[in-house]
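Colleague: Following this message is one structure expressed as structure tokens.
The values are calculated or read from the model by the stated rules, or taken from the named source; none is laboratory data. Fair warning: this is a prediction, and the values are worked out from it, not measured in the lab. Heads up, the Cβs are rebuilt from the backbone with ideal geometry, glycines too, and the neighbour counts pull from every protein chain shown. With ligands, DNA and RNA removed, areas are computed over all heavy atoms of the protein, side chains included. Shrake-Rupley method; radii C 1.70, N 1.55, O 1.52, S 1.80 Å.
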Amino acid sequence: MTRFTPSEIEPRWQKAWDDAETFKAERDESRPKYYVLEMFPYPSGRIHMGHVRNYSLGDVVARYKRAQGFNVLHPMGFDAFGMPAENAAMATGGHPKDWTYGNIDDMVAQMKPLGLSLDWSRMFATCDVEYYGQQQALFLDMLEAGFVTRRNATVNWDPVDMTVLANEQVIDGKGWRSGAEVERRELTQWFFKISDMSEELLEALDGLEDWPEKVRLMQSNWIGKSRGLQFSFERLEGGEPVTVYTTRPDTLMGASFVGISPDHPLAKELAESNPEVAAFRAECAKGGTMAEELETAEKKGFDTGLKVRHPLDPSWELPVWIANFILMDYGTGAIFGCPAHDQRDLDFCRKYDLPVVDTFFALDDPQPVQAEAFTPTKEQKVKWVNHFAGLDEATGQEAIDATIAFAEAAGWGEGVTKFRLRDWGLSRQRYWGCPIPVVHCEKCGVVPEKKENLPIELPYDVSFDTPGNPLDRHPTWRDCACPSCGAPAKRETDTMDTFVDSSWYFARFTAPRAETPTVREDADYWMNVDQYVGGIEHAILHLLYSRFFARAMHATGHLPEKSKEPFNALFTQGMVTHAIYQTKDANGRPVYHYPEDVVVGENGAALKDGTAVEVIPSAKMSKSKNNVVDPLNIIEGYGADTARWFVLSDSPPERDVEWTASGAEAANRHLARVWRMADEIAASDSPANDEDAALQKALHRTIADVTEGVESFAFNTSIAKLYAFTNTLSKSKAGGAAKKEAMATMAQLMAPMTPHLAEELWHMLGREGLITEAAWPKADPALLVEDTVTLPIQVNGKRRAEISVPKDMDKAEVEKLALAEEAVQRALDGAAPKKVIVVPGRIVNVVA
Ligand SMILES: [Zn+2]
């Protein structure tokens with residue numbers, strides 16, 4: 001007898017799928033399509049357990065939908081531009097392109113053994129000229145349609161890496177990679193005008209019913225709609241008034257200063273004649289532009305000496321300060337400070353000895369503000385002090401609405417809706433990205449490149465020996481003819497943010513080799529992505545940018561109307577975690593141990609020499625903590641099916657799953673057991689008997705339960721049902737034919753999770769063709785009907801026992817059985833019951 005040998009089974013079935021081109025997706029208008037996509041990986045060079053889980057989840061959906069008769073598109077690619085390739089080139093002297101393509105080859109070689117039902121013929125990397133050339137075409141269309149603009153902007157500048165950083169790349173005021181203190185700089189930058197779509201992107205969230213609620217909420221907060229008041233403070237000295245925007249105009253009577261951003265035009269104007277202002281502005285230019293960053297930084301101010309008048313009282317003068325925490329690109333870059341009801345303003349006023357004026361009190365505690373600002377929610381009722389709109393007790397929101405109405409009626413202010421969402425700065429001063437296809441001409445200015453000159457290909461002969469953008473230093477690449485006048489001109493050397501590359505790759509998969517960004521027939525058929533699977537860390541930027549791009553692609557004719565929201569359903573999976581094993585060295589510093597060096601027993605964990613080990617459970621896998629499990633080792637040791645089965649089985653997909661060696665072994669043992677059972681059943685010729693019906697019934701219950709689990713992304717529940725049915729089948733005394741039927745059907749139900757083993761079982765049982773091509777089993781509703789029912793028995797209102805009876809048993813029979821129960825007899829204590837009431841299917845009541 002042979003054994004379960006995944007190392008032999010798995011490559012054989014992968015080859016069978018390849019030979020049959022089972023997963024090649026072709027447009028077929030006669031069949032319904034299903035498009036399932038996992039967020040594509042960055043080619044770091046190695047797959048990790050998180051990838052295995054992500055792709056296994058998607059693969060369950062893809063294989064299940066295929067079995068249901070859908071024409072499935074399930075592609076894979078690589079998000080291949082970005083800084084790590086340049087960093088690697090700088091560190092090792094290689095080339096980003098060689099590094100990237102080498103890593104892609106390695107990762108494909110690591111992914112193929114997983115047996116994912118992917119259409120590899122559609123694979124691309126975003127650094128393929130074929131891809132980014134089409135991205136340039138798309139950019140030109142978006143530029144022409146008004147979705148792109150170029151303007152000055154304050155940016156986070158990393159002085160070591162010589163590049164602009166996104167806010168997310170600034171950590172504690174320092175560049176995420178270089179660790180250098182980030183500076184704020186003004187640069188001319190390219191922007192996608194995503195903020196024009198704020199309202200639409202916000203409202204459409206309501207329609208995304210198959211997205212996780214938390215992702216919709218995160219997007220909504222990021223877009224950040226607010227309604228506030230815009231008005232101006234007249235300057236005593238004359239000149240341009242200071243216009244402010246505030247979401248809390250109701251606190252205007254508590255104003256104690258007017259603050260402007262260091263980048264406000266007035267601050268710039270003052271700096272020209274006042275060196276102290278210039279020095280203060282320079283000091284503020286250190287540190288990032290991110291609101292959260294400024295929130296935690298020390299509050300610094302500079303008294304300009306200028307004064308403004310309070311709009312409600314011309315004799316009330318307020319000083320104008322430049323403050324480091326005010327952002328120029330939010331609102332108007334100017335605020336009024338109300339220290340009593342804003343902690344940041346309070347800290348500022350205490351520091352600079354400015355007055356603190358209460359405008360409202362808590363209903364039950366009318367104490368003036370001391371060290372802590374009073375900041376109730378907008379829904380809480382408070383007691384107002386001398387409010388100009390005549391309020392007494394009202395909530396913050398009521399006061400805001402009343403104030404806006406008051407200001408509008410009096411003509412000194414205007415209710416304005418603003419969004420937190422900023423335009424998307426896409427310029428990067430890096431080499432390894434998609435070149436922005438425009439040309440700078442001395443005579444014509446900035447001119448879009450002609451489409452027939454695309455792609456603008458990255459030059460290969462560049463060097464990374466000095467910081468900065470190698471495209472700037474290239475001797476000839478920049479030289480070109482102006483597309484408009486033909487005179488010698490220079491190419492733009494900024495490349496695109498890599499988020500651009502990932503904002504439309506899902507559309508490109510519908511026609512990955514086309515000579516246009518998309519092909520309408522293909523996009524019309526394959527779009528939208530029916531099920532998108534990925535990590536919660538992409539809940540905001542990637543998904544928001546993709547939603548923007550899909551709208552812009554629709555407007556420029558590259559996607560149909562229905563694709564304005566490109567992802568019908570989104571699933572965000574949890575992480576794969578692993579325990580950390582830790583001891584302390586002589587100096588009390590932690591020392592981390594590899595799992596294979598630790599023995600876990602009943603009395604805890606220890607090293608092989610007996611040293612006790614502290615176990616930190618469910619930690620994120622990290623090389624520095626020695627708790628990384630390499631999928632390649634697992635596949636080599638147990639096979640891909642075991643790895644897939646384990647990551648799917650132990651917890652709900654949305655939650656973290658902890659990888660344990662014992663869990664992986666148990667998964668492997670189970671699959672081996674199923675294989676042995678199939679081997680036995682295939683050889684069995686025992687005759688049909690009266691156990692067959694019970695097995696068949698259990699099978700159909702399992703079909704229904706597993707199907708329901710897969711439909712609702714509760715794959716762990718489906719697997720639990722399959723474990724249970726394995727036990728049922730193993731104990732069953734049914735005949736050979738019934739058992740073969742049950743085993744073959746169970747193989748089909750397992751196929752989305754353990755496709756190789758499923759094919760093997762199918763083959764062992766003598767079934768024709770590939771299980772991957774077989775139709776999903778259907779539960780027979782007649783066999784799902786429960787034919788027995790459990791009835792509680794009460795004696796004088798107290799539950800004493802329960803009996804299981806056939807559903808259609810007549811009342812007299814039920815009564816007899818109920819009274820025969822020992823517990824009932826005891827409760828009656830020899831007396832005859834006065835009355836017995838049988839409610840069929842519900843309960844038996846005995847009155848003593
Ligand atoms: Zn020109």
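Colleague: Please give the number of the condition G445 fails out of (1) surrounded by 15 or more Cβ atoms within 10 Å (Cβ to Cβ); (2) within 16 Å of the ligand (Cβ to nearest atom).
Modeller: Here G445 clears every test but (1).
Colleague: Considering only residues that are β-branched (V, I, T) and open to solvent by 20 Å² or more (accessible area, probe 1.4 Å), look in region 471-511 and name the one that is nearest to the ligand (Cβ to nearest atom).
Modeller: Initial filter on region 471-511 (β-branched (V, I, T)): 476, 493, 495, 498, 500, 510.
Okay, now just the ones that are also open to solvent by 20 Å² or more (accessible area, probe 1.4 Å), so 476, 498.
Values: T476: 19, T498: 30 Å.
In this case the residue turns out to be T476.
Colleague: Something else about it: Give the residue that is nearest to the ligand (Cβ to nearest atom), with candidates limited to residues of region 512-542 that are open to solvent by less than 40 Å² (accessible area, probe 1.4 Å) and charged (D, E, K, R).
Modeller: Checking each candidate, the answer is D522.
Colleague: Which of the residues that make up region 278-299 are open to solvent by 30 Å² or more (accessible area, probe 1.4 Å) and modelled with pLDDT of 90 or more?
Modeller: Correct list: A278, A279, R281.
Colleague: Picking from E768, E759, which residue would you name as being acidic (D, E) and open to solvent by less than 20 Å² (accessible area, probe 1.4 Å)? It would help to see each step written out before you state the result.
Modeller: Details: E768 fails: open to solvent by less than 20 Å² (accessible area, probe 1.4 Å).
When all the criteria are applied, what remains is E759.
Colleague: Does I436 satisfy being more than 16 Å from the ligand (Cβ to nearest atom), under 30 Å from T359 (Cβ atoms), among the β-branched types (V, I, T) and open to solvent by less than 60 Å² (accessible area, probe 1.4 Å)?
Modeller: no
Colleague: Is there any pair with a first residue in region 482-504 that is over 30 Å from L37 (Cβ atoms) and of a type in the set (V, I, T) and a second that is open to solvent by less than 40 Å² (accessible area, probe 1.4 Å) and in a loop (DSSP other than H, G, I, E, B) whose Cβ atoms are under 7 Å apart and which are 6 or more apart or on different chains, and what are they?
Modeller: From residues that are over 30 Å from L37 (Cβ atoms) and of a type in the set (V, I, T), the pairs are T493/N469.
Colleague: A further question on this structure: Which of the residues that make up region 592-620 are within 33 Å of the chain's Cα centre (by Cα) and of a type outside the set (D, E, K, R)?
Modeller: Once the filter is applied, which keeps residues that are within 33 Å of the chain's Cα centre (by Cα) and of a type outside the set (D, E, K, R), region 592-620 yields Y592, H593, Y594, P595, V615, I616, P617, S618, A619.
Colleague: Step by step: first the residues of region 411-431, then only those that are among the hydrophobic types (A, V, I, L, M, F, W, C) and more than 25 Å from the chain's Cα centre (by Cα), then the one that is farthest from the ligand (Cβ to nearest atom). Which residue is that? Explain how you work it out, then say what you get.
Modeller: First, pick out the residues of region 411-431 that are among the hydrophobic types (A, V, I, L, M, F, W, C): 412, 416, 419, 421, 424, 426.
Those left that are additionally more than 25 Å from the chain's Cα centre (by Cα): 412, 416.
Numbers: W412: 49, V416: 41 Å.
Per the criteria, the residue is W412.
Colleague: Kindly indicate which of E680, E654 is in contact with a Phe, Trp or Tyr (Cβ under 8 Å, 6 or more places away or on another chain) and open to solvent by 30 Å² or more (accessible area, probe 1.4 Å). Spell out how you get there, then give the answer.
Modeller: Values: E680 fails: in contact with a Phe, Trp or Tyr (Cβ under 8 Å, 6 or more places away or on another chain).
From the options E680, E654, the qualifying one is E654.
Colleague: When you go through T717, T707, T726 one by one, which is the residue that is open to solvent by less than 10 Å² (accessible area, probe 1.4 Å), in contact (Cβ under 8 Å) with a residue 12 or more places away in the chain and within 18 Å of L648 (Cβ to Cβ)? Step through it out loud before you land on a result.
Modeller: Working: T717 fails: open to solvent by less than 10 Å² (accessible area, probe 1.4 Å); T707 fails: open to solvent by less than 10 Å² (accessible area, probe 1.4 Å).
Criteria check complete, one pass: T726.
Colleague: Oh, and also: Taking region 798-830, which residues are more than 30 Å from T707 (Cβ to Cβ), in contact (Cβ under 8 Å) with a residue 12 or more places away in the chain and open to solvent by less than 70 Å² (accessible area, probe 1.4 Å)?
Modeller: A801, I803, V814, E815, A818, L819, E821, A823, V824, A827, L828
Colleague: Could you check P459 against (1) more than 16 Å from the ligand (Cβ to nearest atom); (2) loosely packed, with under 13 Cβ neighbours inside 10 Å; (3) modelled with pLDDT of 95 or more and say which number it fails?
Modeller: Failing condition for P459: (2).
Colleague: Going by what's in this entry, would G468 be described as assigned to a strand (DSSP E or B), open to solvent by less than 30 Å² (accessible area, probe 1.4 Å) and either more than 16 Å from the ligand (Cβ to nearest atom) or under 28 Å from N71 (Cα atoms) (or both)?
Modeller: On the way: assigned to a strand (DSSP E or B): no; open to solvent by less than 30 Å² (accessible area, probe 1.4 Å): yes; either more than 16 Å from the ligand (Cβ to nearest atom) or under 28 Å from N71 (Cα atoms) (or both): yes.
Spelling it out, it is not the case that G468 is assigned to a strand (DSSP E or B), open to solvent by less than 30 Å² (accessible area, probe 1.4 Å) and either more than 16 Å from the ligand (Cβ to nearest atom) or under 28 Å from N71 (Cα atoms) (or both).
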